[in-house]
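*Asks:* Got a structure for you, written out below as structure tokens; questions coming shortly.
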Amino acid sequence: MPQSSLPPATKILILSGCLLLMMSFGFRSSFGLFVKPMSEFHGWGRDTIATALAIQNLSWGIVAVFAGGLADRFGNLRIILAAVAMYAAGILWMAFASDSVALNASAGVLVGAGVAGTSFGIVIPALMRAVPKERQPWVAGVATAAGSMGQFLLVPFSQTLIDVFGWFSSLQILSGVTLLMVVLAIPLAPYSGSNEVHTGQADQPVMDAVREAFQHKHYVLLVLGFYVCGFHLAFITVHLPAYLSDLGFTAKIGAMSLAAIGVSNMIGSYMSGVWSGRWPKQSMLAWIYLLRAVVIAIFVVLPPSLGSILFFSVGIGLLWLATVPPTSGLVAVMFGTRYMALLYGIVFLSHQLGSFTGVYLGGFLYEQSDAFVAVSAFCGQYLGFASFGDASRYDLVWLINILLGVLAAVIHLPIRERAVGRFAQASA
């Protein structure tokens with residue numbers, strides 16, 4: 001196994017980082033379970049909570065840029081501790097939110113900021129700094145798979161809490177459990193960008209690093225492509241349980257589907273990390289996005305059944321976060337790890353802009369007139385998807401997901417896996 005020769009302290013660090021990601025990503029993946037019960041209790045349209053969760057994704061992306069920059073300068077621990085406090089407070093406030101303003105501030109802004117400081121953008125760069133360069137894609141895959149394990153374990157856990165205690169008490173319980181992430185943050189403290197040792201090389205000013213990144217056309221393409229990843233993931237996470245409920249399936253089926261996505265993604269993410277060290281990362285990303293489009297297309301064409309849900313959950317799960325190891329790996333190859341949290345945070349901001357669009361568009365189109373159903377039916381039949389528009393107002397957004405997957409595959413083809421000239425000269 002590739003981790004066998006790692007020092008014990010590094011193994012403890014990896015375990016701690018993986019557990020932190022399990023909790024952060026697992027809790028965040030559970031919010032789709034609250035869409036229907038909270039909407040029904042408060043008499044909200046489904047677009048109300050969808051807007052709050054869209055703001056959560058946007059907050060996550062914006063704060064991730066600043067959190068990454070601050071972590072690179074002042075260290076990981078302070079950023080993670082502040083983020084945990086915001087995460088817990090946001091979930092607790094969400095339980096008591098009685099209008100859209102409070103919901104947007106709690107489930108949206110605060111929780112989004114909390115996720116930004118406790119998830120991939122902070123943890124993966126820290127883990128990559130702790131291992132040799134040849135192990136970096138592998139450790140990124142392990143960490144990404146750990147986030148999926150959180151989805152597999154904590155989404156059913158959250159659904160059980162809702163079944164037993166109701167959505168209101170469940171949010172309060174989740175808020176308390178979130179505070180356990182504080183302990184897991186401690187081992188990551190030494191592995192921030194500010195602690196990197198540079199031999200014979202002056203430290204680069206942060207704004208120079210940002211300018212250099214945006215002058216690198218391959219980095220810009222990576223930023224654009226990651227938008228589609230966010231659109232796919234956030235739309236499915238938030239709207240899939242409600243979509244399946246509209247088709248006549250129980251809430252448990254929606255939770256089981258998200259859990260199946262999570263467990264499948266443990267395999268997909270880990271193997272993506274392994275393969276990212278062997279194959280061109282940009283080619284892997286092109287194939288991942290194209291296959292996502294294929295899986296989604298098959299799912300919406302097949303008649304709704306447990307079999308089609310299982311196919312979709314496993315298929316999309318294998319591709320779910322498989323984008324993270326090659327994407328983070330490309331950032332590390334291009335610019336090194338000194339400002340990786342910041343530069344990956346900028347890439348991730350694009351991801352979250354896509355997340356915002358996917359979540360908001362799903363809720364917005366759902367609540368609109370039947371004209372959108374007619375539009376989706378027309379578009380689907382024009383493309384040969386005869387079942388489009390028959391059962392759900394979500395069909396038009398599914399079609400957009402398919403088209404974006406194909407577009408992302410095309411965007412990644414011109415990217416090249418090489419360092420900027422400054423690093424290439426230093427290596428020489």
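The values are calculated or read from the model by the stated rules, or taken from the named source; none is laboratory data. As the structure is a computational prediction, the values presented were derived from the model and not from experiment. Cβ coordinates were reconstructed from backbone atoms using ideal geometry, including for glycine residues, and neighbour counts include every protein chain displayed. Calculation scope for accessible area: heavy atoms of the full protein, side chains included, ligands and nucleic acids excluded. Shrake-Rupley method; radii C 1.70, N 1.55, O 1.52, S 1.80 Å.
*Asks:* Can you quote the Å³ per residue value for the convex hull of the Cα atoms in the range 93-147, rounded to an integer?
*Replies:* 73 Å³
*Asks:* Per-residue HN-Hα couplings for the range 281-288, Karplus 6.51 cos²θ - 1.76 cosθ + 1.60 at θ = phi - 60°, whole Hz, x for Gly and Pro?
*Replies:* Values, residue by residue: 5, 5, 5, 4, 5, 4, 5, 4 Hz.
*Asks:* How high is the relative contact order of the range 3-162? Use alpha-carbon pairs under 8 Å, at least six apart in sequence, and give a whole percent.
*Replies:* Over the range 3-162, the number comes to 38 percent.
*Asks:* A further question on this structure: Extent of the range 22-140 along each principal axis, from alpha carbon coordinates, in Å, largest to smallest?
*Replies:* Cα spread of the range 22-140 along its principal axes, largest to smallest: 54, 26, 18 Å.
*Asks:* In addition: Taking just the C-alpha trace of the range 198-356, give me its Rg and Dmax in Å.
*Replies:* Rg, Dmax (Cα atoms, Å): 18.0, 64.
*Asks:* How large are Rg and Dmax for the range 307-349 when calculated on the C-alpha trace, in angstrom?
*Replies:* Final numbers for Rg and Dmax: 14.6, 46 Å.
*Asks:* Please state the equivalent ellipsoid semi-axes for the range 148-195: what are the square roots of 5 times the Cα gyration tensor eigenvalues, largest first, in whole Å?
*Replies:* Numbers: eigenvalues 183, 32, 9 Å².
Largest first, the range 148-195 gives 30, 13, 7 Å.
*Asks:* When you count, for each residue, the other Cβ atoms within 10 Å and take the mean per peptide, how do 44-50, 27-33 rank with the highest first?
*Replies:* 27-33, 44-50
*Asks:* Which whole-percent values make up P(r) of the range 17-58 when all C-alpha to C-alpha distances are grouped in 10 Å steps starting at zero?
*Replies:* Bins of 10 Å from zero give 27, 43, 23, 7 percent of pairs.
*Asks:* Percent of accessible area on the range 289-373 owned by carbon and sulfur, 1.4 Å probe?
*Replies:* Its accessible area is 79 percent carbon and sulfur atoms.
*Asks:* Next up: Sort the following peptides by mean Cβ neighbour count (other Cβ atoms within 10 Å, averaged over residues), highest first: 351-360, 155-164.
*Replies:* 351-360, 155-164
*Asks:* Here is a follow-up. Averaged per residue, what accessible surface does the range 55-150 expose to a 1.4 Å probe, in Å²?
*Replies:* Using a 1.4 Å probe on heavy atoms only, each residue of the range 55-150 averages 30 Å².
*Asks:* Here's something else I'd like to know. Calculate the length of the line joining the C-alpha centroid of the range 95-122 to that of the range 297-352, in whole Å.
*Replies:* The range 95-122 and the range 297-352 have Cα centres separated by 22 Å.
*Asks:* Sequence gap of 8 or more, or different chains, plus Cα separation below 22 Å: how many lysine pairs satisfy both in the chain?
*Replies:* 4
*Asks:* Would you mind getting the Kirkwood hydrodynamic radius of the range 290-362 from its Cα pairs, rounded to one decimal in Å?
*Replies:* Numbers: mean 1/r = 0.0694 Å⁻¹.
One over the average 1/r among Cα pairs gives 14.4 Å for the range 290-362.
*Asks:* Separate question: With the other protein chains left in place, how much accessible area per residue, in square angstrom, belongs to the range 192-329 at a 1.4 angstrom probe?
*Replies:* That works out to 38 Å² per residue.
*Asks:* Contact order normalised by length for the chain, with contacts defined as Cα pairs under 8 Å and 6 or more residues apart; what percent is it?
*Replies:* Result for the chain is 26 percent.
*Asks:* Still on this model: Roughly to the nearest percent, how much of the accessible area of the range 46-115 is carbon and sulfur, given a 1.4 Å probe?
*Replies:* So the carbon and sulfur contribution to the accessible surface is 73 percent.
*Asks:* At 222 nm, what value in deg cm²/dmol follows for the chain if DSSP H runs of at least 4 each add -39500 (n - 2.57) and the sum is divided by all its residues, to the nearest 500? If you can, show how the numbers build up before the last one.
*Replies:* Working: 19 runs with 325 residues, N = 428.
So the calculated ellipticity at 222 nm is -25500 deg cm²/dmol.
*Asks:* Let me ask you something else. Give me the one-decimal Kirkwood hydrodynamic radius in Å for the chain, with the sum taken over alpha-carbon pairs. If you can, show how the numbers build up before the last one.
*Replies:* Numbers: mean 1/r = 0.0466 Å⁻¹.
One over the average 1/r among Cα pairs gives 21.4 Å for the chain.
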